[in-house]
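The values are calculated or read from the model by the stated rules, or taken from the named source; none is laboratory data. As the structure is a computational prediction, the values presented were derived from the model and not from experiment. Reconstructed Cβ throughout: ideal geometry from the backbone, glycine too, with neighbour counts over all protein chains shown. Just the protein is used for accessible areas: all its heavy atoms, side chains included, with ligands, DNA and RNA removed. Shrake-Rupley method; radii C 1.70, N 1.55, O 1.52, S 1.80 Å.
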Amino acid sequence: MSLLTLLIVAIGVSADAFAVSLAQGVRLRRRVHREALRIALTFGLFQALMPLLGWAVGAQLNAVIAPVDHWVAFGLLTLIGGRMLWEAFHSAPAEGGAGRIRTRRLLALALATSIDALAVGLSLAFLDVDILPAVILIGLLTAVLAYGGVLLGHRAGNRWEKPAEIAGGLVLIGIGTKILLEHLLG
């Protein structure tokens, strides 16, 4: 997998965290940078650890799944992208609030937004990907996007939440399709 493709995958799996960060930024009234850093570090850590976990599981199953790995990658990425599109059009808008996200809620959101990264990690186990640079890239990019998302949400409101989820879903479906076509046509 090329660095560009990996970067696009990282952006795709970061879209949920970015959208949640936007929504949280809308709610903040004070200490925006401190909360943005807290959210960014939590989301970045979860987004880095989950694909590593998925990759470890996938690596154990590689011999069994290798003949259909391109279909597995396509299916997982398409399902994840499709779910992101569904949520973009069917979830309620963020409610206004005043402050800091509670730690328990932050951890739950980090886990929920990183489930996609777990499935992507499973897909990466079936492709020619060096996992350590991949998870570092995913984690760092997520942290940067989450930090920026909180700040942008604080300034711009929640109008960017839905487009971020739509773009992330379409990107993941596109990557899955690219992997399948490369295998079938190559």
- Where a residue in segment 45-56 is within 15 Å of L109 (Cβ to Cβ) and its partner, wherever it lies, is open to solvent by 20 Å² or more (accessible area, probe 1.4 Å) and of a type in the set (A, V, I, L, M, F, W, C), with Cβ under 6 Å and at least six apart: M50/L118
- Message: Taking the criterion of being charged (D, E, K, R), open to solvent by 50 Å² or more (accessible area, probe 1.4 Å) and over 25 Å from L37 (Cβ atoms), would at least one residue in segment 153-161 satisfy it?
- Response: no
- Contacts under 8 angstrom Cβ, first residue in segment 168-186 being of a type in the set (S, T, N, Q), partner in a helix (DSSP H, G or I) and buried (at least 17 other Cβ atoms within 10 Å of the Cβ), 6 or more apart: T177/F74; T177/T78
- Item | Total residues in segment 113-142, condition crowded, with 24+ Cβ neighbours inside 10 Å, under 10 Å from S14 (Cβ atoms) and among the aliphatic types (A, V, I, L, M) | 2
- Query: Just for segment 1-14: of the residues that are over 17 Å from L122 (Cβ atoms) and modelled with pLDDT of 85 or more, which one is surrounded by the fewest Cβ atoms within 10 Å (Cβ to Cβ)?
  - Reply: L4
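Yes or no, residue by residue, for (1) crowded, with 18+ Cβ neighbours inside 10 Å; (2) touching a helix residue (DSSP H, G or I) at 6+ places or on another chain (Cβ under 8 Å):
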site	(1), (2)
A19	yes, yes
G25	yes, yes
L28	yes, yes
F46	yes, yes
M50	yes, yes
A63	no, no
V68	no, no
L79	no, yes
